[in-house]
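Here's the structure, in structure tokens; my notes come after.
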Amino acid sequence: AYFKACDELDAVECMHGLCSEDYADDDDVDRVSSEADRGEAIKILYTKLTKLPDEGLCHFVQEVLPAQKKTQVLLRTFHTCPGPRKCRLKSAQAHTPDMESACDVRTAVDTSMQMSDLHRSVLLQCYVELKSSVNVEDHVLDYLYSNFVISKSLRDRIRSDCTTAESKAGMLLDELPSCGASAFREFVDALIASKTSVHQKLAKKLMDMAKNST
């Protein structure tokens with residue numbers, strides 16, 4: 001399914017997209033550009049994808065693929081299939097909706113799989129405490145990025161636009177509700193994974209509040 005989906009892509013554009021973050025080089029671009037047989041060019045792209053590290057495939061799914069502006073079938077395939085090294089966009093695991101016209105992976109997922117009102121409410125109630133206590137640089141941002149909850153551009157924007165730990169946490173909390181249905185649980189898991197006592201306590205509090213509110 002993954003290889004079949006690749007057949008709908010523009011191999012040259014994809015390779016340029018991979019080059020932007022050094023997951024491909026000029027030689028890769030030249031190889032697909034000079035290949036007269038489109039099928040062979042797609043094979044070159046597919047082979048490249050199978051050799052990408054997890055971060056590279058994350059970049060491909062979240063940054064390169066949306067620019068292709070392809071059909072709902074293509075988007076669904078890349079959302080749900082394990083793909084190379086079993087990477088996938090986790091916020092789209094359970095369901096990827098039918099879309100008449102979809103050109104942006106993140107938008108397509110987020111508009112149909114918003115965070116639940118319950119989880120939004122829990123985050124809002126704990127907003128001040130989370131903003132002042134969470135250190136997003138203690139594994140939280142990287143955990144969310146590596147698990148396909150936030151994009152590289154959002155991760156980098158939080159780091160470049162915010163100068164304090166509190167402002168970084170605030171921006172992340174502001175963005176989380178639009179990062180998919182699984183964003184709350186992944187955020188809790190990120191706090192647990194950081195293994196700091198403050199984060200552990202916050203994770204337990206969030207889980208208890210969500211459980212007791214149902």
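The values are calculated or read from the model by the stated rules, or taken from the named source; none is laboratory data. Bear in mind the structure is a predicted one, so any value in this text is a computation, not a measurement. Cβ placement follows ideal geometry from the backbone for every residue including glycine, while neighbour counts extend to all protein chains displayed. We work out accessible area using only protein heavy atoms, side chains counted, and drop any ligands, DNA or RNA first. Shrake-Rupley method; radii C 1.70, N 1.55, O 1.52, S 1.80 Å.
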Handout entry: Test set (1) modelled with pLDDT of 70 or more; (2) in a helix (DSSP H, G or I); (3) within 30 Å of residue 212 (Cα to Cα) - residue 61 fails condition number
Key = (3)
Practice task
Inspect all residues belonging to region 166-174 and state whether any of them is of a type in the set (Asp, Glu), over 21 Å from the mean Cα position of the chain (by Cα) and part of a helix (DSSP H, G or I).
Solution key: yes
Practice task
Would you please name the residue that is modelled with the lowest pLDDT, looking only at residues in region 11-49 that are closer than 17 Å to residue 146 by Cα and open to solvent by 40 Å² or more (accessible area, probe 1.4 Å)?
Solution key: 21
Handout entry: Residue list for region 162-176, restricted to those being closer than 25 Å to residue 119 by Cβ and out of contact with any Gly (no Cβ under 9 Å at 6 or more places or on another chain)
Key = 165, 166, 167, 168, 169, 170, 171, 172, 173, 174, 175, 176
Fill in the blank from the handout: Flagged in region 125-166 as more than 19 Å from residue 62 (Cα to Cα), in contact with a helix residue (DSSP H, G or I) (Cβ under 8 Å, 6 or more places away or on another chain) and of a type in the set (Val, Ile, Thr), in numbering order, are 134, 136
Completion exercise
Here the residues within region 175-214 that are among the aliphatic types (A, V, I, L, M) and within 18 Å of residue 150 (Cα to Cα) are 176, 181, 183, 188, 190, 191, 192, 193
Exercise for the section: Check 117, 161 and return the single one that is under 25 Å from residue 64 (Cα atoms), out of contact with any Lys or Arg (no Cβ under 6 Å at 6 or more places or on another chain) and open to solvent by 60 Å² or more (accessible area, probe 1.4 Å). Expected result: 161
Fill in the blank from the handout: Here the residues within region 131-165 that are in a helix (DSSP H, G or I), touching a residue at least 60 places away in the same chain (Cβ under 8 Å) and charged (D, E, K, R) are 152
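Here's the yes/no breakdown for (1) at pLDDT below 95; (2) open to solvent by 10 Å² or more (accessible area, probe 1.4 Å):
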| position | (1), (2) |
| --- | --- |
| 125 | no, yes |
| 135 | no, yes |
| 170 | no, no |
| 185 | yes, yes |
| 200 | yes, yes |
Exercise for the section: Would you mind stating whether residue 101 is surrounded by fewer than 20 Cβ atoms within 10 Å (Cβ to Cβ) and either touching a Pro at 6+ places or on another chain (Cβ under 8 Å) or at pLDDT 50 or above (or both)? Expected result: no
Fill in the blank from the handout: How many residues of region 176-196 are touching a residue at least 40 places away in the same chain (Cβ under 8 Å), within 19 Å of residue 131 (Cβ to Cβ) and of a type in the set (A, V, I, L, M, F, W, C)? The answer is 7
